[in-house]
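The values are calculated or read from the model by the stated rules, or taken from the named source; none is laboratory data. Every value quoted in this text rests on a predicted model; they were computed, and no experiment measured them. Reconstructed Cβ throughout: ideal geometry from the backbone, glycine too, with neighbour counts over all protein chains shown.
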Amino acid sequence: MGTAKRQPWVVGVSGASGTPYAASVIRALLAAGEAVDLIVSRAARLTLLDETGISFRDAHWRTDLARWLGTEDRLDDVRYWPAGDFAAGPSSGSYPAKGMLVVPATTGAVAGIALGLSKDLLQRVASVTLKERRPLVVCVRETPLNGVTLKHLVELDAQGAVVLPASPGFYAGGSTVRELVDFVAGRVLDAVDVPHSLYLRWEGELGAAARKPGDGDGDRAEGE
Ligand SMILES: Cc1cc2nc3c(=O)[nH]c(=O)nc-3n(C[C@H](O)[C@H](O)[C@H](O)COP(=O)(O)O)c2cc1C
């Protein structure tokens, strides 16, 4: 049992608005008992600073990640790779990653992955994930979308990636920011069959989520 091979999900955080989506995905993967390999692009440090006030530092990533996630639980299951480290484990197809989740994904990351640019470790690992035919989820965050990004998204779909816009649904009864964030994170985990309880699933009854006990009373705390 103790010798089981570590097989992580790679979580690539690029510099789009939406760092709470990444935090929710990482927390839920760890809660599900999954290992995580984390890559934070250079631009993502800016969005993280802007959205949370946290300066993410390579040398102190564990402290900074704990602050970002709001917990130190299960951080031993996280391995961090600097975005400039092309010698990192997941940059090779022989590294035993399960797949990759790019959350959130910039239009730049979408372009780089679609075209195979590998301009940083995040893009390199995404290309490796595709060539190894492993699951790749690209949670794009931009609006509106221009024509070239739309073409890149179609290209990613053709290459087998799941294109999953950071677009919360309201049918699950979410009313707080945290619930809407968790809805998107839950759909990311659904795409790779990782169990979670981040949102209420549709069960075929109109209005059911809004009638769940404790829902819709506006008392819940805002997340992130
Ligand atoms: C505060 C902030 C918010 C941004 N939000 C987005 C966004 O939502 N979507 C996007 O595609 N780019 C966004 N950008 C621009 C990207 O960070 C920029 O294009 C960068 O080159 C992407 O690099 P990366 O893909 O290596 O992370 C944002 C930049 C900043 C500073």
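Couple of notes before you dig in:
- Tallying residues that are among the basic types (Lys, Arg) and more than 16 Å from the ligand (Cβ to nearest atom) within segment 8-65 yields 3.
- Scanning segment 81-108 for residues that are within 19 Å of residue 191 (Cα to Cα) and aliphatic (A, V, I, L, M), we see that the one that is surrounded by the fewest Cβ atoms within 10 Å (Cβ to Cβ) is 97.
- Some residue of segment 39-57 being surrounded by fewer than 20 Cβ atoms within 10 Å (Cβ to Cβ), touching a residue at least 24 places away in the same chain (Cβ under 8 Å) and touching a Pro at 6+ places or on another chain (Cβ under 9 Å): yes
- Here is the figure for segment 113-138: residues that are outside any helix (DSSP H, G or I), within 14 Å of residue 99 (Cα to Cα) and touching a residue at least 40 places away in the same chain (Cβ under 8 Å) total 2.
- Taking the conditions (1) part of a loop (DSSP other than H, G, I, E, B); (2) surrounded by fewer than 22 Cβ atoms within 10 Å (Cβ to Cβ) in turn, residue 16 satisfies each one other than (2).
- All told, residue 108 falls short of being at pLDDT 95 or above and either outside any helix (DSSP H, G or I) or under 15 Å from the mean Cα position of the chain (by Cα) (or both).
- Residues located in segment 139-150, provided they are free of Cβ contacts under 8 Å to residues at least 24 places away in the same chain and assigned to a helix (DSSP H, G or I): 147, 150
- Among the residues listed as 101, 29, 38, the single one being part of a helix (DSSP H, G or I), closer than 30 Å to residue 154 by Cα and modelled with pLDDT of 95 or more: 29
Quick grid of which residues meet (1) assigned to a loop (DSSP other than H, G, I, E, B); (2) at pLDDT below 95; (3) surrounded by fewer than 16 Cβ atoms within 10 Å (Cβ to Cβ):
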residue: 165; (1), (2), (3): yes, no, no
residue: 168; (1), (2), (3): yes, no, no
residue: 174; (1), (2), (3): yes, yes, no
residue: 180; (1), (2), (3): no, no, no
residue: 183; (1), (2), (3): no, no, no
residue: 188; (1), (2), (3): no, no, no
residue: 193; (1), (2), (3): yes, no, yes
residue: 196; (1), (2), (3): yes, no, no
residue: 203; (1), (2), (3): yes, yes, yes
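- Residue satisfying all of: in segment 118-163; within 12 Å of the ligand (Cβ to nearest atom) and among the polar types (S, T, N, Q); surrounded by the most Cβ atoms within 10 Å (Cβ to Cβ) among these: 123
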